[in-house]
Amino acid sequence: MSSHKPPDQPSSSSNSGHHKPQPQVISRYESQKSRDWNTFLQYLKTLNPPVTTSRFEHTHVLSFLNYLDQFGKTKVHNQACVFFGQPDPPSPCTCPLKQAWGSLDALIGRLRAAYEEHGGGSSVSNPFGNGSIRIHLREVRESQAKARGIPYRKKRKRKKTRNDVVVKKDISKSSSHNHNR
């Protein structure tokens, strides 16, 4: 028998065979995903009647997103507001604070992953990936962009120019080497 110990275990001679479990370090993303999942589960319990995780649908996800708006910090001007379409209004107004589109988009991404990790099934049946959720997020993005007067433009891939350097791998050397074996 070898006396080699795995590197994650202490090799102290005072240790009497009992090892303290090392605290597992989880990433900020994993921590946030877990917190978001637990918040969503709590939300389902507050519904009347309460909804179990095996019974919720995309409509519950949409109502959760609307529920979260009350905790938002992004001013979204109504069309009737004199500041509608202005990126930097000169004074305050009574328009509501809502969740920012980017926050909701990231939240849905984390909840989609958490759903699948918790045995929710395939990505096809995932309520967080339902088409109505994507439509809702697109509408939120567009309405918030209009309210601020800043159009949202999807980042496009830059076209290659004549000055771009293209490196090609010479496969003739590697293939001729393989044929000689």
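Only one of the listed residues (Val76, Val82) is surrounded by 12 or more Cβ atoms within 10 Å (Cβ to Cβ), of a type outside the set (Lys, Arg) and more than 28 Å from Asn126 (Cα to Cα). That residue is Val76. Please determine, by comparing only the residues of region 55-92 that are over 18 Å from the mean Cα position of the chain (by Cα) and among the acidic types (Asp, Glu), which one is nearest to Arg110 (Cα to Cα). Filtering region 55-92 for residues that are over 18 Å from the mean Cα position of the chain (by Cα) and among the acidic types (Asp, Glu), the one nearest to Arg110 (Cα to Cα) comes out as Glu57.
In region 104-119, the residue that is nearest to Gly72 (Cα to Cα) out of those that are without any contact (Cβ under 8 Å) to a residue 12 or more places away in the chain and open to solvent by less than 60 Å² (accessible area, probe 1.4 Å) is Ala106. Per the conditions (1) closer than 21 Å to Gly129 by Cβ; (2) open to solvent by 70 Å² or more (accessible area, probe 1.4 Å); (3) of a type outside the set (A, V, I, L, M, F, W, C), the sole criterion not satisfied by Ser63 is (2). The helices (runs of 4 or more DSSP H) located wholly in region 35-154 that include 3 or more residues which are touching an Asp or Glu at 6+ places or on another chain (Cβ under 7 Å) occupy 101-117. When the residues of region 49-59 are filtered to those that are open to solvent by 40 Å² or more (accessible area, probe 1.4 Å) and of a type outside the set (Gly, Ala, Ser), the one that is nearest to Gly131 (Cα to Cα) is His58.
Among the numbered conditions (1) loosely packed, with under 14 Cβ neighbours inside 10 Å; (2) touching a helix residue (DSSP H, G or I) at 6+ places or on another chain (Cβ under 9 Å), the only one that Ser125 does not meet is (2). Total residues in region 128-144 satisfying the condition of being free of Cβ contacts under 8 Å to residues at least 24 places away in the same chain and surrounded by fewer than 16 Cβ atoms within 10 Å (Cβ to Cβ): the figure is 6.
When region 27-48 is filtered for residues that are open to solvent by 90 Å² or more (accessible area, probe 1.4 Å), at pLDDT below 95 and more than 11 Å from Leu107 (Cα to Cα), the ones remaining, listed by number, are Arg28, Asn48.
The values are calculated or read from the model by the stated rules, or taken from the named source; none is laboratory data. This structure is a prediction, so every number in the text was calculated from the model and none was measured. Positions of Cβ are backbone-derived with ideal geometry, glycine not excepted, and every protein chain shown enters the neighbour counts. Note: areas computed on protein heavy atoms with side chains; ligands, DNA, RNA excluded. Shrake-Rupley method; radii C 1.70, N 1.55, O 1.52, S 1.80 Å.
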